[in-house]
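These notes are about the structure you will find just below.
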Amino acid sequence: MTVERGLRLMAGTFVLLSLALGHWVSPYWYLFSAFVGLNLFQSGITNWCPAMFLLKKLGLRSE
């Protein structure tokens, strides 16, 4: 698995998890979805993401 694919999987999992938690636990969890979206937006502009650093440390390869 590559870093880029792992990042998409991580972001999708976090968004779905926070939407479920927002629906069943507390609406404040929707803010976590907004944070993930903002981080993806920032990553698209700057080409830097803290999660990519973590995934590289875990041994995923770049494309």
Requested in this report: Please identify the helices of the chain, taking whole runs of DSSP H, that span at least 15 Å along their own axis as judged from the Cα atoms and have a mean Kyte-Doolittle score of 0.5 or higher.
Outcome: 3-24, 30-46
Requested in this report: Specify, per residue and in Å³, the volume enclosed by the convex hull of the alpha carbon atoms belonging to the chain.
Outcome: 75
Query raised in the report: Listed highest first by mean packing, meaning other Cβ atoms within 10 Å per residue, what order do 49-58, 24-33 come in?
Result: 49-58, 24-33
Query raised in the report: What order, most packed first, do the peptides 2-11, 39-48 have when packing is the mean number of other Cβ atoms within 10 Å of each residue?
Result: 2-11, 39-48
**Report entry** Separation in nanometres of the label points that stand 7 Å from Cα toward Cβ, at Leu9 and Lys57
**Finding:** 1.9
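Since every read-out is calculated from the coordinates, none of them should be taken as a lab result. All values reported here derive from a predicted model rather than from experimental measurement. Ideal geometry is used to build each Cβ from the backbone, glycine not excepted, and the neighbour counts take in all protein chains shown.
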